[in-house]
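**Student:** I'd like to ask you about the structure that follows.
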Amino acid sequence: MANDTTILTRKIQIFIDCDDKEKRIAYFKKLFEWQDIVFRGANLVLTHQYVQENLKDLIYLQTDVKVKLADNDTDKEGILNTSRMNTTYRLLSSYFKGLIPTDILSKVNTALIKNFQSDRLEFWKGTRSLRNYKKDMPIPFSSKAVKLSNDEHGRDFKLDLFKIPFRTYLGKDRSDKRVLLQRALVGQIKVCASSVKIVKGKIFLLLALEIPTKEHMLQEHIIAEASLSVEHPISVMVEKDNYQIGTKEEFLYRRIAIQAARHRLQKASSYNKGGKGRKRKLKSLDHYNQKEKNYVDSRLHLYSRKLIDICIKSQAGTLLLVNQSNKEEMAKEDEFLLRNWSYYGLIEKIKYKAKMAGINVIIE
(Lines give C-alpha, C1' and ligand atoms only; values in the text may rest on other atoms or scores of the structure.)
Protein backbone atom coordinates (compact mmCIF):
# COMPACT_ATOMS: atom_id res chain seq x y z
CA MET A 1 0.00 0.00 0.00
CA ALA A 2 1.32 3.45 -0.90
CA ASN A 3 2.46 5.59 1.97
CA ASP A 4 -0.08 8.43 1.76
CA THR A 5 -0.85 11.27 4.15
CA THR A 6 -4.00 12.72 5.69
CA ILE A 7 -4.71 16.22 6.98
CA LEU A 8 -6.14 16.26 10.52
CA THR A 9 -7.61 19.40 12.11
CA ARG A 10 -7.81 19.67 15.88
CA LYS A 11 -9.65 22.42 17.76
CA ILE A 12 -7.52 23.45 20.74
CA GLN A 13 -8.42 26.17 23.22
CA ILE A 14 -5.64 28.70 23.77
CA PHE A 15 -5.33 31.87 25.82
CA ILE A 16 -3.00 34.85 25.74
CA ASP A 17 0.03 34.06 27.90
CA CYS A 18 0.64 37.48 29.42
CA ASP A 19 0.26 38.67 33.02
CA ASP A 20 0.27 42.37 32.13
CA LYS A 21 -3.38 43.43 31.89
CA GLU A 22 -2.76 46.34 29.52
CA LYS A 23 -0.70 44.20 27.14
CA ARG A 24 -3.31 41.45 27.22
CA ILE A 25 -6.04 43.97 26.31
CA ALA A 26 -3.86 45.28 23.48
CA TYR A 27 -3.32 41.74 22.15
CA PHE A 28 -7.07 41.05 22.23
CA LYS A 29 -7.75 44.33 20.44
CA LYS A 30 -5.23 43.39 17.75
CA LEU A 31 -6.84 39.96 17.26
CA PHE A 32 -10.31 41.49 16.86
CA GLU A 33 -8.92 44.01 14.36
CA TRP A 34 -7.34 41.18 12.36
CA GLN A 35 -10.60 39.22 12.45
CA ASP A 36 -12.49 42.23 11.06
CA ILE A 37 -9.91 42.73 8.28
CA VAL A 38 -10.02 39.02 7.34
CA PHE A 39 -13.82 39.14 7.14
CA ARG A 40 -13.82 42.26 4.95
CA GLY A 41 -10.96 41.03 2.81
CA ALA A 42 -12.56 37.64 2.20
CA ASN A 43 -15.74 39.16 0.79
CA LEU A 44 -13.65 41.64 -1.23
CA VAL A 45 -11.55 38.88 -2.84
CA LEU A 46 -14.59 36.79 -3.72
CA THR A 47 -16.41 39.75 -5.27
CA HIS A 48 -13.45 40.73 -7.46
CA GLN A 49 -12.82 37.15 -8.56
CA TYR A 50 -16.47 36.81 -9.56
CA VAL A 51 -16.42 40.10 -11.51
CA GLN A 52 -13.23 39.05 -13.33
CA GLU A 53 -14.75 35.66 -14.17
CA ASN A 54 -17.86 37.28 -15.68
CA LEU A 55 -16.28 40.33 -17.28
CA LYS A 56 -17.00 38.95 -20.75
CA ASP A 57 -20.72 38.92 -19.93
CA LEU A 58 -20.84 42.65 -19.28
CA ILE A 59 -22.37 43.39 -22.67
CA TYR A 60 -22.87 47.07 -21.87
CA LEU A 61 -19.12 47.71 -22.05
CA GLN A 62 -17.44 48.91 -25.26
CA THR A 63 -16.14 46.19 -27.54
CA ASP A 64 -12.49 47.19 -27.15
CA VAL A 65 -12.83 46.82 -23.36
CA LYS A 66 -13.99 43.21 -23.53
CA VAL A 67 -10.61 41.62 -24.18
CA LYS A 68 -8.76 38.67 -22.70
CA LEU A 69 -8.45 38.44 -18.93
CA ALA A 70 -4.73 37.72 -18.65
CA ASP A 71 -1.40 39.27 -17.74
CA ASN A 72 -0.38 41.77 -20.42
CA ASP A 73 3.29 40.77 -20.02
CA THR A 74 2.56 37.22 -21.16
CA ASP A 75 -0.41 37.87 -23.48
CA LYS A 76 -0.71 40.96 -25.69
CA GLU A 77 -4.52 40.85 -25.50
CA GLY A 78 -4.49 40.69 -21.71
CA ILE A 79 -5.87 43.63 -19.72
CA LEU A 80 -4.24 42.77 -16.37
CA ASN A 81 -0.89 44.11 -15.23
CA THR A 82 -0.21 40.98 -13.14
CA SER A 83 -1.37 37.37 -12.85
CA ARG A 84 -5.02 36.84 -12.00
CA MET A 85 -4.23 35.23 -8.65
CA ASN A 86 -2.01 38.15 -7.72
CA THR A 87 -4.67 40.76 -8.58
CA THR A 88 -6.69 40.16 -5.43
CA TYR A 89 -3.56 39.86 -3.27
CA ARG A 90 -2.41 43.27 -4.49
CA LEU A 91 -5.89 44.57 -3.75
CA LEU A 92 -5.70 43.29 -0.16
CA SER A 93 -2.21 44.75 0.24
CA SER A 94 -3.35 48.19 -0.97
CA TYR A 95 -6.17 48.21 1.58
CA PHE A 96 -4.67 46.50 4.62
CA LYS A 97 -0.86 46.40 4.37
CA GLY A 98 0.64 47.51 7.68
CA LEU A 99 -2.57 46.74 9.58
CA ILE A 100 -2.20 42.96 9.47
CA PRO A 101 0.66 40.50 8.77
CA THR A 102 1.07 39.84 5.06
CA ASP A 103 1.21 36.09 5.80
CA ILE A 104 -2.47 36.26 6.82
CA LEU A 105 -3.40 38.24 3.69
CA SER A 106 -1.62 35.68 1.52
CA LYS A 107 -3.48 32.74 3.11
CA VAL A 108 -6.84 34.56 2.85
CA ASN A 109 -6.24 35.18 -0.86
CA THR A 110 -5.09 31.59 -1.54
CA ALA A 111 -7.97 29.98 0.37
CA LEU A 112 -10.63 32.21 -1.20
CA ILE A 113 -9.40 31.61 -4.76
CA LYS A 114 -9.38 27.86 -4.07
CA ASN A 115 -12.98 28.00 -2.84
CA PHE A 116 -14.00 30.12 -5.82
CA GLN A 117 -12.45 27.69 -8.30
CA SER A 118 -14.30 24.77 -6.69
CA ASP A 119 -17.63 26.64 -7.01
CA ARG A 120 -17.13 27.95 -10.56
CA LEU A 121 -19.25 25.33 -12.26
CA GLU A 122 -22.18 25.90 -9.89
CA PHE A 123 -21.92 29.68 -10.42
CA TRP A 124 -22.11 29.12 -14.17
CA LYS A 125 -25.16 26.84 -13.83
CA GLY A 126 -26.84 29.32 -11.50
CA THR A 127 -27.33 26.71 -8.75
CA ARG A 128 -25.16 28.54 -6.22
CA SER A 129 -24.72 32.10 -5.04
CA LEU A 130 -21.50 33.70 -3.85
CA ARG A 131 -20.38 32.67 -0.39
CA ASN A 132 -20.94 35.28 2.27
CA TYR A 133 -18.29 35.29 4.99
CA LYS A 134 -19.26 36.44 8.47
CA LYS A 135 -17.40 38.46 11.08
CA ASP A 136 -16.51 35.44 13.19
CA MET A 137 -14.60 33.64 10.41
CA PRO A 138 -11.20 32.19 11.41
CA ILE A 139 -7.92 34.06 10.93
CA PRO A 140 -5.72 31.88 8.66
CA PHE A 141 -1.94 31.72 8.69
CA SER A 142 0.81 29.56 7.20
CA SER A 143 2.74 26.82 8.98
CA LYS A 144 5.82 29.08 9.12
CA ALA A 145 4.01 31.38 11.56
CA VAL A 146 3.52 28.57 14.12
CA LYS A 147 6.26 28.33 16.76
CA LEU A 148 5.52 25.59 19.30
CA SER A 149 7.37 24.95 22.56
CA ASN A 150 6.81 23.15 25.87
CA ASP A 151 5.74 25.12 28.91
CA GLU A 152 7.76 25.09 32.12
CA HIS A 153 5.59 22.35 33.70
CA GLY A 154 5.45 20.11 30.64
CA ARG A 155 1.67 19.76 30.80
CA ASP A 156 0.64 22.25 28.12
CA PHE A 157 2.33 23.97 25.20
CA LYS A 158 3.35 27.51 24.35
CA LEU A 159 2.63 29.06 20.99
CA ASP A 160 4.12 32.22 19.53
CA LEU A 161 2.02 33.64 16.70
CA PHE A 162 3.03 36.95 15.09
CA LYS A 163 4.75 37.97 18.36
CA ILE A 164 1.58 37.29 20.40
CA PRO A 165 2.30 34.71 23.15
CA PHE A 166 -0.31 31.97 23.61
CA ARG A 167 -0.61 28.95 25.87
CA THR A 168 -2.75 25.90 25.18
CA TYR A 169 -5.44 24.76 27.59
CA LEU A 170 -5.87 20.99 27.32
CA GLY A 171 -7.31 20.37 30.81
CA LYS A 172 -8.54 16.79 31.22
CA ASP A 173 -8.39 16.17 27.50
CA ARG A 174 -8.76 12.46 26.76
CA SER A 175 -8.35 12.73 22.99
CA ASP A 176 -5.13 12.67 21.00
CA LYS A 177 -4.46 16.43 21.06
CA ARG A 178 -1.60 16.29 23.57
CA VAL A 179 0.11 13.43 21.70
CA LEU A 180 -0.27 15.16 18.33
CA LEU A 181 1.12 18.44 19.68
CA GLN A 182 4.11 16.64 21.14
CA ARG A 183 4.75 14.83 17.85
CA ALA A 184 4.48 18.12 15.97
CA LEU A 185 6.92 19.74 18.40
CA VAL A 186 9.62 17.13 17.83
CA GLY A 187 9.02 17.14 14.06
CA GLN A 188 7.45 13.70 13.67
CA ILE A 189 4.41 15.17 11.93
CA LYS A 190 4.12 18.30 9.81
CA VAL A 191 2.14 21.39 10.80
CA CYS A 192 0.12 22.78 7.88
CA ALA A 193 -1.65 26.09 7.30
CA SER A 194 -3.94 26.61 10.29
CA SER A 195 -6.19 29.31 11.75
CA VAL A 196 -7.35 31.01 14.94
CA LYS A 197 -11.04 31.48 15.73
CA ILE A 198 -12.58 33.72 18.41
CA VAL A 199 -15.88 32.45 19.86
CA LYS A 200 -17.62 34.49 22.57
CA GLY A 201 -14.34 35.83 23.93
CA LYS A 202 -12.60 32.44 23.86
CA ILE A 203 -9.72 31.78 21.46
CA PHE A 204 -9.41 28.46 19.63
CA LEU A 205 -6.54 27.20 17.51
CA LEU A 206 -7.69 25.15 14.51
CA LEU A 207 -4.43 23.28 14.05
CA ALA A 208 -3.99 21.35 10.78
CA LEU A 209 -1.52 18.45 10.89
CA GLU A 210 -0.31 16.20 8.09
CA ILE A 211 0.05 12.65 9.34
CA PRO A 212 0.92 9.47 7.43
CA THR A 213 -1.96 7.13 6.68
CA LYS A 214 -1.89 4.10 8.94
CA GLU A 215 -0.94 0.93 7.13
CA HIS A 216 -3.12 -2.09 7.85
CA MET A 217 -3.08 -5.58 6.38
CA LEU A 218 -6.06 -4.99 4.07
CA GLN A 219 -7.16 -6.91 0.98
CA GLU A 220 -9.10 -5.06 -1.71
CA HIS A 221 -11.02 -8.14 -2.80
CA ILE A 222 -12.60 -8.42 0.67
CA ILE A 223 -15.67 -6.15 0.58
CA ALA A 224 -17.58 -4.94 3.62
CA GLU A 225 -21.21 -4.11 2.75
CA ALA A 226 -22.71 -1.48 5.06
CA SER A 227 -26.30 -0.33 5.16
CA LEU A 228 -27.48 2.82 6.96
CA SER A 229 -30.98 2.76 8.41
CA VAL A 230 -33.15 4.16 11.20
CA GLU A 231 -33.63 0.86 13.05
CA HIS A 232 -29.89 0.24 13.22
CA PRO A 233 -27.62 3.18 12.31
CA ILE A 234 -25.16 0.81 10.60
CA SER A 235 -25.54 -2.83 9.60
CA VAL A 236 -22.39 -4.48 8.24
CA MET A 237 -21.83 -7.74 6.40
CA VAL A 238 -18.28 -9.00 5.75
CA GLU A 239 -18.32 -12.33 3.94
CA LYS A 240 -20.44 -14.52 6.30
CA ASP A 241 -20.24 -12.29 9.38
CA ASN A 242 -22.98 -9.78 10.24
CA TYR A 243 -22.67 -6.85 12.64
CA GLN A 244 -25.10 -4.21 13.88
CA ILE A 245 -23.81 -0.90 15.22
CA GLY A 246 -26.11 1.19 17.41
CA THR A 247 -29.87 1.00 17.90
CA LYS A 248 -32.88 3.19 17.20
CA GLU A 249 -33.52 3.65 20.93
CA GLU A 250 -29.96 4.73 21.56
CA PHE A 251 -29.75 7.33 18.81
CA LEU A 252 -33.17 8.50 17.62
CA TYR A 253 -35.16 8.36 20.85
CA ARG A 254 -32.45 10.09 22.84
CA ARG A 255 -32.26 12.86 20.24
CA ILE A 256 -36.04 13.36 20.33
CA ALA A 257 -35.90 13.44 24.14
CA ILE A 258 -33.40 16.32 24.00
CA GLN A 259 -35.65 18.17 21.53
CA ALA A 260 -38.69 17.65 23.78
CA ALA A 261 -36.84 18.89 26.88
CA ARG A 262 -35.74 22.02 25.03
CA HIS A 263 -39.28 22.62 23.77
CA ARG A 264 -40.67 22.37 27.31
CA LEU A 265 -38.14 24.92 28.54
CA GLN A 266 -39.03 27.24 25.67
CA LYS A 267 -42.71 27.18 26.62
CA ALA A 268 -41.93 27.69 30.31
CA SER A 269 -39.46 30.53 29.70
CA SER A 270 -42.25 33.09 29.35
CA TYR A 271 -42.99 32.57 33.09
CA ASN A 272 -39.36 33.02 34.16
CA LYS A 273 -38.32 36.07 36.12
CA GLY A 274 -37.10 38.94 33.97
CA GLY A 275 -35.13 41.77 35.52
CA LYS A 276 -32.30 41.59 32.97
CA GLY A 277 -34.57 41.19 29.98
CA ARG A 278 -34.40 38.44 27.40
CA LYS A 279 -31.06 37.04 28.55
CA ARG A 280 -32.27 36.15 32.03
CA LYS A 281 -35.56 34.68 30.81
CA LEU A 282 -33.75 32.35 28.41
CA LYS A 283 -30.93 31.47 30.82
CA SER A 284 -32.26 27.93 31.37
CA LEU A 285 -32.12 27.31 27.59
CA ASP A 286 -28.39 28.01 27.33
CA HIS A 287 -27.64 24.50 28.55
CA TYR A 288 -29.48 23.05 25.54
CA ASN A 289 -28.03 25.30 22.82
CA GLN A 290 -25.46 22.77 21.59
CA LYS A 291 -26.61 19.69 23.50
CA GLU A 292 -28.41 17.99 20.61
CA LYS A 293 -25.64 18.80 18.11
CA ASN A 294 -22.93 17.54 20.47
CA TYR A 295 -24.83 14.33 21.21
CA VAL A 296 -25.39 13.57 17.52
CA ASP A 297 -21.77 14.36 16.64
CA SER A 298 -20.53 12.08 19.43
CA ARG A 299 -22.75 9.18 18.32
CA LEU A 300 -21.79 9.49 14.66
CA HIS A 301 -18.11 9.49 15.54
CA LEU A 302 -18.61 6.35 17.65
CA TYR A 303 -20.60 4.50 14.96
CA SER A 304 -18.14 5.36 12.17
CA ARG A 305 -15.18 4.38 14.36
CA LYS A 306 -16.73 0.97 15.13
CA LEU A 307 -17.44 0.41 11.42
CA ILE A 308 -13.83 1.09 10.42
CA ASP A 309 -12.57 -1.12 13.28
CA ILE A 310 -14.70 -4.00 11.94
CA CYS A 311 -13.30 -3.46 8.43
CA ILE A 312 -9.71 -3.48 9.74
CA LYS A 313 -10.32 -6.58 11.85
CA SER A 314 -11.82 -8.37 8.82
CA GLN A 315 -9.04 -7.06 6.52
CA ALA A 316 -11.66 -5.50 4.24
CA GLY A 317 -9.97 -3.08 1.86
CA THR A 318 -13.24 -1.94 0.25
CA LEU A 319 -16.30 -0.54 2.00
CA LEU A 320 -19.56 -0.51 0.01
CA LEU A 321 -22.48 1.62 1.23
CA VAL A 322 -25.49 -0.23 -0.17
CA ASN A 323 -28.53 1.58 -1.67
CA GLN A 324 -27.47 4.85 -0.06
CA SER A 325 -28.59 7.12 -2.91
CA ASN A 326 -32.15 5.71 -2.84
CA LYS A 327 -32.36 6.11 0.95
CA GLU A 328 -31.29 9.74 0.75
CA GLU A 329 -33.98 10.47 -1.84
CA MET A 330 -36.61 8.82 0.37
CA ALA A 331 -35.41 10.77 3.40
CA LYS A 332 -35.87 14.07 1.52
CA GLU A 333 -39.59 13.31 1.23
CA ASP A 334 -39.97 12.38 4.90
CA GLU A 335 -39.76 15.47 7.13
CA PHE A 336 -39.18 13.39 10.26
CA LEU A 337 -36.17 11.56 8.80
CA LEU A 338 -34.84 14.72 7.19
CA ARG A 339 -34.84 16.46 10.58
CA ASN A 340 -33.68 13.62 12.82
CA TRP A 341 -31.47 11.25 10.85
CA SER A 342 -27.99 12.53 9.90
CA TYR A 343 -27.18 10.47 6.80
CA TYR A 344 -24.76 13.00 5.33
CA GLY A 345 -22.86 13.60 8.57
CA LEU A 346 -22.40 9.87 9.14
CA ILE A 347 -21.15 9.28 5.58
CA GLU A 348 -18.64 12.14 5.86
CA LYS A 349 -17.22 10.69 9.09
CA ILE A 350 -17.03 7.22 7.54
CA LYS A 351 -15.14 8.60 4.51
CA TYR A 352 -12.76 10.55 6.74
CA LYS A 353 -11.88 7.58 8.97
CA ALA A 354 -11.71 5.17 6.02
CA LYS A 355 -9.20 7.42 4.26
CA MET A 356 -7.02 7.44 7.37
CA ALA A 357 -7.09 3.64 7.44
CA GLY A 358 -6.49 3.25 3.69
CA ILE A 359 -9.96 1.78 2.97
CA ASN A 360 -11.66 2.53 -0.35
CA VAL A 361 -15.28 3.74 0.05
CA ILE A 362 -17.89 3.16 -2.68
CA ILE A 363 -21.39 4.68 -2.41
CA GLU A 364 -24.02 2.73 -4.29
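**Student:** Applying the selection to segment 138-163, what residues are at pLDDT 90 or above and assigned to a strand (DSSP E or B)?
**Tutor:** Listed by number, the residues that qualify are Ile139, Pro140, Phe141.
**Student:** Sticking with this structure for a sec: Would you mind stating whether Val179 is open to solvent by 50 Å² or more (accessible area, probe 1.4 Å), within 30 Å of Lys313 (Cα to Cα), free of Cβ contacts under 8 Å to residues at least 60 places away in the same chain and aliphatic (A, V, I, L, M)?
**Tutor:** Considered against the rule, which asks whether it is open to solvent by 50 Å² or more (accessible area, probe 1.4 Å), within 30 Å of Lys313 (Cα to Cα), free of Cβ contacts under 8 Å to residues at least 60 places away in the same chain and aliphatic (A, V, I, L, M), Val179 comes out as yes.
**Student:** Still on this structure: Give me the residue from segment 63-104 that is among the hydrophobic types (A, V, I, L, M, F, W, C) and at pLDDT 70 or above and, out of that set, farthest from Glu33 (Cα to Cα).
**Tutor:** It comes out as Met85.
**Student:** Further question: I need a count of the residues in segment 204-235 that are aliphatic (A, V, I, L, M), out of contact with any Ser or Thr (no Cβ under 8 Å at 6 or more places or on another chain) and modelled with pLDDT of 85 or more.
**Tutor:** Residues in segment 204-235 being aliphatic (A, V, I, L, M), out of contact with any Ser or Thr (no Cβ under 8 Å at 6 or more places or on another chain) and modelled with pLDDT of 85 or more: 0 in total.
**Student:** Right, another one. What are the residue pairs meeting all of these: first residue in segment 348-364, first residue within 17 Å of Leu228 (Cα to Cα) and at pLDDT 90 or above, second residue open to solvent by 80 Å² or more (accessible area, probe 1.4 Å) and not in a helix (DSSP H, G or I), Cβ atoms under 6 Å, and 6 or more apart or on different chains?
**Tutor:** Between residues of segment 348-364 that are within 17 Å of Leu228 (Cα to Cα) and at pLDDT 90 or above and residues that are open to solvent by 80 Å² or more (accessible area, probe 1.4 Å) and not in a helix (DSSP H, G or I), there is no close pair.
The values are calculated or read from the model by the stated rules, or taken from the named source; none is laboratory data. These figures come from a predicted structure and were not determined experimentally. Quick reminder, even Gly has a Cβ in these numbers, built from the backbone with ideal geometry, and neighbours come from all protein chains shown. Only protein heavy atoms, including side chains, enter the accessible area calculation; ligands, DNA and RNA are left aside. Shrake-Rupley method; radii C 1.70, N 1.55, O 1.52, S 1.80 Å.
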